[in-house]
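Written below as structure tokens is the structure these notes are about.
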Amino acid sequence: MFQRDNITLQRTIWPREQLLKKAIANPQKAKAELCRRSFFYFLQEFWPEVSNDEFKPNWHIEIVCKELEILANRVANNLPKEYDLIINIPPGTTKTVTCSIMFPVWCWINWFWMRFITGSYSGPLSLESAEYSRDVVRSDRFIELFPELTIKQDKDTKSNFRVQKIFHNNIIKFGGNRYSTSVGGTVTGFHGHIIIIDDPINPMQAVSDTELKTANNWCSQTLSTRKIDKSNTPTVLMMQRLNQNDPSGNWLANKGRKIKHICLPGQIRDYKEEVRPQEMIQYYVDDLLDPVRMPWPVMNNMMAELGQYGFAGQVGQKPTPPGGGMFQVNMFIIVDNISGVVETVRCWDKAGTKDAGAYTVGCKMSLLKSGKWLITDIKRGQYGTHEREAIIRATAEADGVAVREYHEQEPGSGGKESAEATVRNLAGFSSHSERPIGDKIFRADPYSVQVNQGNVLLLRADWNHEFIEEHRFFPFSTYKDQVDAAAMCFSKLSRRRVAGDALRGNRQ
């Protein structure tokens, strides 16, 4: 038995006499009643219809079942929606079977009129879950326990099927339906009492800003118009964390959205702080969410197969590995003064427009006599073109002519024109534009090595926190402009040091 928030997480126990009488008089009717009252019981009863493997119970499945029961009961009783539900949980933990396949069917045996919209990152995945749901309703086991519920014959496709109920006087009433689609797919003309999103993005898509934007817009905007009652219809989002700004992160960052967050990492030796609610920690065994499905040997194999980023997101529910991802941010050293400067550069990562969502960043970095690097200033903001150029000019004047100025030239004719305009704007200063080579991760790699060795210092200032946090989540951070600008600075200064070392070697 598990107790949380006044919820008893166990099979409901009814008076023994009442249960015995029902079971003796009609065993199948008693079993059907148990199914109606407990989603967890229903899941176990119909598990053989979707899997040939033996059902392996674990506390997390029972918790998820109970949370979904609470959500469905509020909808059934037409109560105002209290929250949308996010469930972050590793793959292979019965997430899809519980939430996407079985939950709609369980709702129909209690409230045959309920309508569902379900979606996943791909059409085939969404349709596969729908087909399993349909197979459960068609199964002999289901027909035996719930003969009154069938699928409407002329509304029987994987993408959109409808149930119907036969009442005692042979009156047939059409009930709810399940409409299945994929991220970016159309849902025009369909509305749901409950919306279920199962893995709206896959690991390959999570590194693409375009794919992330598509998934976030679909989850937050497109589906929000498909609710039967905006004050009553909840959305259930189930996924493993893949990016700081994946749909889970996007929802959690929206302070105006009421969210209930269930986050259960596969292991808590490294990811204890990610558990939501924190009291769930008490149910972990040997620091494992599910020691039967996912024991430590399986954890170790997943780490080897997924790599540190994949494991951190999919298993740890933290879209960076423990210790800071590509950058071990605990190795940044914050200092209070500047001394021993050899050379200083300022590098700009320019955003195209004020409304593009990205930031313009100017990073000022110095090479020190000690052989380390010191970042002394960050200019960061979302500016229009004219305002941006004015700030770049004013910053150069404040830096002085001894500071070399660099800025990236983006691809295409527009990037070339923008770079030429900045060079003209910085007339009188040492100003250079360069085309970046390779992606941001490639360019940041040499810089990250020095950060992780404790060779990059930060001058204490208000910008330190946001600068460090962007590095903490890189390359899955929402913004990458500060990392890109700092990596560019490092590239310019490290070239000088390498050249100097070569000259000293020749003299010897």
Scan segment 149-185 for residues that are of a type in the set (Gly, Ala, Ser) and more than 38 Å from the chain's Cα centre (by Cα) and jot them down. none
What number of residues in segment 253-297 are out of contact with any Phe, Trp or Tyr (no Cβ under 7 Å at 6 or more places or on another chain), within 24 Å of Glu82 (Cβ to Cβ) and modelled with pLDDT of 95 or more? 11
Hits in segment 39-88 - residues which are within 30 Å of Ala312 (Cα to Cα) and in contact with a Cys (Cβ under 8 Å, 6 or more places away or on another chain): Phe40, Leu43, Val64, Leu68, Ile86, Ile87, Asn88
Candidate set from segment 54-108 (those that are within 22 Å of Leu264 (Cβ to Cβ) and basic (Lys, Arg)); member that is most open to solvent (accessible area, probe 1.4 Å): Lys56
Suppose we filter Phe146, Phe116 for residues that are modelled with pLDDT of 95 or more, open to solvent by less than 60 Å² (accessible area, probe 1.4 Å) and within 23 Å of the chain's Cα centre (by Cα); which single one remains? Phe116
Against the conditions (1) over 22 Å from the mean Cα position of the chain (by Cα); (2) β-branched (Val, Ile, Thr); (3) outside any loop (DSSP other than H, G, I, E, B); (4) exposed (fewer than 15 other Cβ atoms within 10 Å of the Cβ), where does Thr188 fall short? Just the number, please. (3)
What pairs can you find where one residue is in segment 189-202 and over 13 Å from Trp218 (Cα atoms) and touching a residue at least 60 places away in the same chain (Cβ under 8 Å), the other is in a strand (DSSP E or B) and of a type in the set (Phe, Trp, Tyr), and their Cβ atoms are less than 6 Å apart, with a gap of 6+ or different chains? Phe190/Tyr179; Gly192/Phe116; Ile194/Phe116
Kindly provide the set of residues from segment 291-320 that are β-branched (Val, Ile, Thr) and assigned to a loop (DSSP other than H, G, I, E, B), ordered by number. Val292, Val315, Thr320
Among the residues of segment 57-71, which ones are touching a Pro at 6+ places or on another chain (Cβ under 9 Å) and among the hydrophobic types (A, V, I, L, M, F, W, C)? Leu71
Tally, over segment 241-289, of residues that are open to solvent by 40 Å² or more (accessible area, probe 1.4 Å) and within 18 Å of Gly92 (Cα to Cα): 2
Output the residue which, of all residues in segment 220-269 that are of a type in the set (Gly, Ala, Ser) and more than 26 Å from Arg178 (Cβ to Cβ), is nearest to the chain's Cα centre (by Cα). Gly249
If you go through segment 454-483, how many residues are aromatic (Phe, Trp, Tyr) and either closer than 20 Å to Leu242 by Cα or at pLDDT below 95 (or both)? 4
Just name the residue that is most open to solvent (accessible area, probe 1.4 Å) out of those in segment 208-237 that are at pLDDT 85 or above and among the small types (Gly, Ala, Ser). Ser220
Cβ-Cβ under 6 Å, sequence separation 6+ or interchain: first residue in segment 442-465 and without any contact (Cβ under 8 Å) to a residue 40 or more places away in the chain and more than 13 Å from Phe490 (Cβ to Cβ), partner basic (Lys, Arg) and open to solvent by 20 Å² or more (accessible area, probe 1.4 Å). Which pairs? none
Could you check how many residues of segment 373-392 are outside any strand (DSSP E or B) and buried (at least 17 other Cβ atoms within 10 Å of the Cβ)? 4
(1) open to solvent by less than 40 Å² (accessible area, probe 1.4 Å); (2) at pLDDT 95 or above; (3) in a helix (DSSP H, G or I): which one isn't true of Ala30, the others all being true? (2)
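The values are calculated or read from the model by the stated rules, or taken from the named source; none is laboratory data. What you see is a predicted model, and the numbers here were worked out from it, not measured in a lab. Positions of Cβ are backbone-derived with ideal geometry, glycine not excepted, and every protein chain shown enters the neighbour counts. Side chains included, ligands, DNA and RNA excluded: accessible areas come from the protein's heavy atoms. Shrake-Rupley method; radii C 1.70, N 1.55, O 1.52, S 1.80 Å.
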